[in-house]
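Some notes on the structure that comes next.
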Amino acid sequence: MIKVNKINKAKNKTFEFLTIFSMVFGIVVGSGIYLKNRTEPGGVLHEAGQNPWLALTVWMFIGVLCSMIMLTFIEAASATEKDGHSTAQSWANKFINRRTASLFSIMYICMYLPILAGLGALFTVKTIFDGINEFYIITNGVNLVNKIGKVEWMSLELFISTLVLVGFSLMNIYTHKPSKLIQSIFTIIKFLPLITIVIGGFTLFLTNSNSNNSFNPEEPYDNWSMNSFFATMIPILFAFDGFIYAATLQKDCEHKQVVAPAMMSAIIAVTAFYIIITVSIFFGASDGNVFKLFDNLFQKEPWIALLFKLIIACTILTTVNGYTTLIPKTVHSAVEENFIYKKNHTTEIGYIKSGFIGMIITLTIYVLFLIISIPLGWNDSSGEINYFIVANYSSNTTVMFGFLAYLIIMIYVLHNRRTKKVEVRKAKGGFAIGIISTSILSIILVYAYFDFLINKFKSGKIENMIDPIILIFFAIVLLIAWIINEVLISKQDIENNDFALRILPRNWFKYNKELEIEKFKSRN
C-alpha cells in the first residue's frame, strides 16, 4: 500500500508520482542486462551481428514500444482494481473468456515461471564460479577448472544451483518474510554495480580510447539488415519482460491521474538507463560482456572485480526468489479462480500444496534442460561442460509466449472500447496509441515466429535449431495440458460446457449435442 499525505494534496500527488516511478524502475531493471547483452548466441550483440549501433537503436525502439504498451495495460489493470488478481490470466478472463485465462495460467505454471526460476539459479551460481575461476587465473596463472576437473567443477556448480532452487522454493512455500526482506535489500543493492558499470565503461574509454571495444572491434561488425534488426528485439524484450505488472500499482493510488505519467516516465527512464549502461559496456568490453568490463576496469585489483561479480550474483538471486514466490501464488490463484481443474468445487487447494505442485514442475523442467544440455556442451570451446545451453535459449521461448499473451490481451482491451463489456478507466490517448503499439508488436511477433520456425531450421546449424525445438516442445506440452484441463472441467458441468464431447473425433463433423450429453450422463 502506498502511504500518502492526506492533508497536503500537492505533496500527495508528487509523492505518489515518485513512488510509482521508483517502483516501476526497480521492477524492470534486472538481470536481463547481464544475461542478454553479450556476443554469445541469443545475446543482443550476437543477434545484431556485433554491430553496437544496431543494438543501441533496437534498445531505444523497444523502450518506446514498451512505453506505448504500458498505456494499454494501465487500462486493463483498472478492470481488476476491485476484484480478482492483477495478472495476465485475470485480465484474459475479464476481457476474453475463461478458457483463454486457463491457457495463460497453464503457460505461466508449466513453462514461463519454472524456466525463469531455474535459469536464475543456474546463472547465479555460474556467475560466482566464473568469477572465482577468473580471479584464480589472474592471481595464480592456473585455471581452476583444469585443476579440479571439468566434471567435478560442473557437478559442484549444479549441486549448489539445485540447492539454491530447492531452498528458495521451500522457503517461499512456508514463509513470506525472508522473501520480502531479500527483495527489498537487493533491489537497492543492485544499483551499485550498475552505476559502477556506467562510470567504469566511460572511464576505460576516456583513458584509452584506441583500445579494442565493441565500437572498435578487431574484426569489422556486420552491416544493418532487416533480419538482424528483428532478431535483436527478442533478447531486448527479455530485458523489459514483466514491465506490464507495474500497471497494478495504480490500485493503491488516491490520485489516479498521476499513474499514467509516472509509469510512462519510468519506462522512458529505464530505456535511457539501459542505453547508457549498454554504451558503457560496449566501451568497456569488446564482446559486450559486463563481467569482462569489470576484469578490464580492475586489472590491478582483481579482488574488486570478483567482489562486484559476487554482488551481481546476489542481485540475480532476487529473480530466483521472485519467481519461486510467484509460482505457488500463481498455482493457488489459478485454481481459486477456476482456471485450473480441481476435483471438488467446494474445497479449496491449500497454499502449501500449490507450492509443491509448482516446485515439482520447476524441478522437472530444470532437470530436463540439464539432461539435454550436458551432452551438447560436453566439448565446449571454453574447456568447461556447458550445461547452460538449453536454459539460456529457453529464455527466448518465454519472451515469445509471454509477449504473444500480452498482444492477445491488448487486442481485446482495444476491442472492449467498442463492446464496453468490461468497465475500465480509459487512458487519454490510449485507443490511438494502443492501435499503433498493437500493430508494431504484431509485426515483431510475426517475424519472430517466422524466424524461429523457418529461418533457424533452414540454417542447418544445431545451435540455431535449439530455439525452435524448445518453442515447439513447449507449444505441444501446453496444448496437451490445456486440452486435458478443459476436458476435466467440462465433465464437471457437461450441460453448460460440452468441450469433452466436442473434442471427440466422432463428433468433429456430425454432432448432436442433446444426444451426446444424454449418453454421457447414462455412462456416468
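Miscellaneous remarks
- Among the residues examined, Leu501 does not qualify as within 26 Å of Gly402 (Cβ to Cβ), in a helix (DSSP H, G or I) and aliphatic (A, V, I, L, M).
- Qualifying residue in segment 378-388 (condition: within 20 Å of Ile462 (Cβ to Cβ) and acidic (Asp, Glu)): yes
- In segment 301-324, the count of residues that are basic (Lys, Arg), part of a helix (DSSP H, G or I) and touching a helix residue (DSSP H, G or I) at 6+ places or on another chain (Cβ under 6 Å) is one or more.
- Search result, residues across segment 129-183 that are under 30 Å from Glu301 (Cβ atoms) and hydroxyl-bearing (Ser, Thr, Tyr): Tyr136, Thr139, Ser161
- Checked across segment 338-349, the condition of being over 20 Å from the mean Cα position of the chain (by Cα), crowded, with 22+ Cβ neighbours inside 10 Å and assigned by TED's automatic domain parsing to the domain that holds Ile443 holds for at least one residue.
- Odd one out for Gly460 among (1) modelled with pLDDT of 85 or more; (2) assigned to a loop (DSSP other than H, G, I, E, B); (3) farther than 24 Å from Ala79 by Cα: (1)
- Number of the exception - Val44 against (1) within 22 Å of the chain's Cα centre (by Cα); (2) modelled with pLDDT of 85 or more; (3) under 30 Å from Ile275 (Cα atoms): (2)
- Among the conditions (1) under 21 Å from Leu404 (Cα atoms); (2) without any contact (Cβ under 8 Å) to a residue 60 or more places away in the chain, the only one that Ala448 does not satisfy is (2).
- Verdict on Phe202 being modelled with pLDDT of 80 or more and either at negative phi or not assigned by TED's automatic domain parsing to the domain that holds Ile62 (or both): yes
- Complete set of residues in segment 184-197 that are farther than 15 Å from Lys309 by Cα and surrounded by 15 or more Cβ atoms within 10 Å (Cβ to Cβ): Thr187
- Residue among Thr14, Thr80 that is among the hydroxyl-bearing types (Ser, Thr, Tyr) and either modelled with pLDDT under 75 or crowded, with 24+ Cβ neighbours inside 10 Å (or both): Thr80
- Residue that is surrounded by the most Cβ atoms within 10 Å (Cβ to Cβ) [pool: residues in segment 141-150 that are in a helix (DSSP H, G or I) and touching a residue at least 60 places away in the same chain (Cβ under 8 Å)]: Val145
- Residues in segment 92-140 that are under 30 Å from Asn497 (Cβ atoms), surrounded by fewer than 20 Cβ atoms within 10 Å (Cβ to Cβ) and of a type outside the set (S, T, N, Q): Arg98, Arg99.
- Residue count for segment 358-380, restricted to those that are closer than 20 Å to Ser102 by Cα and without any contact (Cβ under 8 Å) to a residue 40 or more places away in the chain: 1.
- Screening Asn455 with (1) without any contact (Cβ under 8 Å) to a residue 12 or more places away in the chain; (2) closer than 28 Å to Pro375 by Cβ; (3) among the polar types (S, T, N, Q) gives one miss only, at (1).
- Test: residue in segment 340-360 that is under 18 Å from Leu119 (Cβ atoms), modelled with pLDDT of 90 or more and hydrophobic (A, V, I, L, M, F, W, C): yes
A quick yes/no check of all residues on (1) touching a Ser or Thr at 6+ places or on another chain (Cβ under 8 Å); (2) of a type outside the set (Asp, Glu):
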{"residue": "Ile436", "(1), (2)": "no, yes"}
{"residue": "Phe452", "(1), (2)": "no, yes"}
{"residue": "Asn455", "(1), (2)": "no, yes"}
{"residue": "Ile470", "(1), (2)": "yes, yes"}
{"residue": "Glu495", "(1), (2)": "no, no"}
{"residue": "Leu501", "(1), (2)": "yes, yes"}
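- Only one entry of Ile267, Ile277 meets the criterion of being surrounded by 22 or more Cβ atoms within 10 Å (Cβ to Cβ) and touching a residue at least 60 places away in the same chain (Cβ under 8 Å), and that entry is Ile267.
- Qualifying residue in segment 483-504 (condition: surrounded by 17 or more Cβ atoms within 10 Å (Cβ to Cβ), closer than 21 Å to Phe229 by Cβ, under 26 Å from the mean Cα position of the chain (by Cα) and modelled with pLDDT of 85 or more): no
- For segment 279-337, residues that are within 27 Å of Val166 (Cβ to Cβ) and among the aliphatic types (A, V, I, L, M) total 13.
- Applying the criterion of being among the hydroxyl-bearing types (Ser, Thr, Tyr) and touching a residue at least 12 places away in the same chain (Cβ under 8 Å) to the residues of segment 381-407, the residue that is farthest from Ile234 (Cα to Cα) is Tyr387.
The values are calculated or read from the model by the stated rules, or taken from the named source; none is laboratory data. Note that the coordinates shown come from a computational prediction; the quantities given were computed from them, not determined experimentally. Heads up, the Cβs are rebuilt from the backbone with ideal geometry, glycines too, and the neighbour counts pull from every protein chain shown.
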